[in-house]
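The values are calculated or read from the model by the stated rules, or taken from the named source; none is laboratory data. Quick caveat: nothing in here was measured; it's all calculated off a predicted structure. Heads up, the Cβs are rebuilt from the backbone with ideal geometry, glycines too, and the neighbour counts pull from every protein chain shown. The accessibility values were calculated without ligands, DNA or RNA, using every heavy atom of the protein model including side chains. Shrake-Rupley method; radii C 1.70, N 1.55, O 1.52, S 1.80 Å.
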Amino acid sequence: MLRRVSGVLLGLTLALVLLPSNVPAAAVPLLRAEWSASAVAAGWVVGAYLAGYSLAVLVVLPLTDRLSARWIIVGGTVLSLGASVALPLLAQDPWLAVAFRVAAGVGLAGVYMPGVRVVAATALPERRGLAVGLFVASFYLGSAASFLYAGLLLGDGWRGAMVSSTLVAALAIPLALAGARPLPVAGGRSVLDLSVLRSGELVRTIAAYSGHAWELFAARAWLSAFLAGVLVAHGATTADATGEAGRWSGLILAAGIPAVFAGGWASDHFGRVRTAFVMAIASGVLAVVFGLLGSAPWPLLLAVGFLYSGLIAADSAVYSTAVTELAPGAKVGSAQAIQAFLGFGAGSLGPPAAGLALDLGLGYPGVFAVAGAASIFGALPLLRDLRRRTAAG
């Protein structure tokens with residue numbers, strides 16, 4: 001029972017910390033208009049959150065091999081929310097906004113992967129994939145709620161939406177204190193241990209995760225702007241289209257929540273590698289299709305969007321679970337740090353790279369092709385492990 005309660009509280013903590021996170025992505029058309037920003041600059045405002053995360057994990061996650069994850073999670077919660085509320089109050093151009101987003105991402109580094117470690121360590125082995133899936137689903141819940149919240153409040157301006165979402169998210173602080181159960185530390189090094197990269201299977205898993213993260217965050221960054229552009233083409237004003245697109249983006253991303261559960265369950269029953277490979281290839285192909293549907297009927301566009309969202313999300317928990325299993329016990333923190341650094345580093349490059357496709361005149365087909373290609377190419381190295389396991393089985 002305590003295991004379940006701890007996991008639920010940590011999941012709620014993560015979801016609340018993420019509540020302000022996608023307000024800038026939902027408000028991309030408004031930010032570009034206010035700051036006369038290019039698509040690449042707007043992409044960096046979105047992606048900087050992930051860049052801060054990827055840099056911070058190199059320091060934060062190895063500490064969990066020696067120090068209690070509890071205070072790391074609480075401290076990360078406070079830092080992320082502090083930076084999120086400072087952005088709308090102080091930022092007057094894209095690059096100052098980037099600085100605050102980096103700081104907020106640093107705080108997230110103290111919440112997400114340490115939370116995965118706590119959940120994985122306290123779950124029964126035969127249910128670990130599902131348990132981690134439940135926690136990772138909180139990432140999708142918070143991200144979807146962020147778009148939905150922004151869509152409801154953007155009519156009064158993006159700054160107000162950002163401030164109010166952060167104030168609501170402050171509830172995460174007491175939840176983090178209650179949910180982050182102290183764990184016995186493994187006694188490993190408190191600095192990054194690169195020896196974990198001697199495992200080829202671990203390296204290939206991290207490579208596939210990096211392609212997954214690139215696709216996920218590139219698609220998430222430009223989904224709302226894509227939908228808003230379609231609505232404007234049908235006669236809506238930019239302000240109305242931005243709000244409605246934010247609400248639909250929140251609902252579409254919410255489709256990823258049950259998909260994470262399903263992916264975790266499937267990996268428990270059919271294997272981590274097989275599940276991850278199938279989902280990655282399917283989502284990469286559907287990304288290309290989705291980007292081509294800008295002139296399709298609105299119900300068809302939404303239906304494909306819901307399916308695409310589920311496929312992107314389905315393999316998230318699979319990679320996170322696999323890394324905790326493939327790394328030696330005293331080096332799990334270092335393995336997670338490398339996973340998060342490369343994965344979220346790739347994720348931070350996805351939004352501006354997709355924005356460059358837009359600036360180059362390739363339109364949203366180019367944006368989603370850039371996203372989907374990363375998922376496909378990142379997953380191809382898993383074929384080696386899939387063939388080996390099939391032969392052994």
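Using only the alpha-carbon atoms, how far is helix 158-169 inclined from the longest principal axis of the chain? Give it as 0 to 90 degrees, nearest 10. With rounding to tens, the tilt is 30 degrees. Phi angles across the stretch 209-218 convert, under the Karplus curve 6.51 cos²θ - 1.76 cosθ + 1.60 with θ = phi - 60°, into 3J(HN,Hα) values of 4, 5, x, 4, 5, 4, 5, 4, 7, 5 Hz, Gly and Pro given as x.
Computed about the Cα centre, the dipole magnitude for the chain is approximately 1160 debye when only Lys and Arg (+1) and Asp and Glu (-1) carry charge, each at its Cβ. Rounded to the nearest 10 degrees, the angle from helix 112-122 to the longest Cα principal axis of the chain is 40 degrees. The residue among ALA303, ALA266, SER36 whose Cα reaches farthest toward the positive pole of the charge dipole of the chain, with charges on the beta-carbon of Lys, Arg, Asp and Glu, is ALA266.
If you roll a 1.4 Å probe over the stretch 254-295 with all protein chains in place, what percent of the accessible area is carbon or sulfur?
79
Taking packing as the residue-averaged number of other Cβ atoms within 10 angstrom, the listed peptides 112-119, 69-76, 247-254, 90-97 run from highest to lowest as 112-119, 247-254, 69-76, 90-97. For the stretch 183-284, a crude dipole built from +1 on the beta carbon of Lys and Arg and -1 on the beta carbon of Asp and Glu, taken about the Cα centre, is about 300 debye to the nearest 20. Each residue of the stretch 359-367 was assigned a 3J(HN,Hα) from its phi angle through the Karplus curve 6.51 cos²θ - 1.76 cosθ + 1.60 (θ = phi - 60°); the sequence is 4, 7, x, 7, x, 6, x, x, 4 Hz, with glycine and proline shown as x.
Against the main long axis of the alpha-carbon atoms of the chain, helix 2-17 sits at an angle near 30°. Taking the chain as a Gaussian network of alpha-carbon nodes connected by springs under 10 Å, the highest mean-square fluctuation of the residues THR205, THR321, THR237 belongs to THR237. Look at the Cα gyration tensor of the chain: its axes a ≥ b ≥ c give a/c of at least 1.5 with a/b at or below b/c, and that counts as oblate.
With both labels modelled 7 Å from their Cα along Cα-to-Cβ, the ARG159 to LEU300 distance reads 4.3 nm. GLU215 contributes about 0 Å² of solvent-accessible surface, heavy atoms of the protein only, 1.4 Å probe. Before I look further, what does the chain give for accessible area per residue, probe 1.4 Å, in whole square angstrom? Here the per-residue accessible area is 36 Å².
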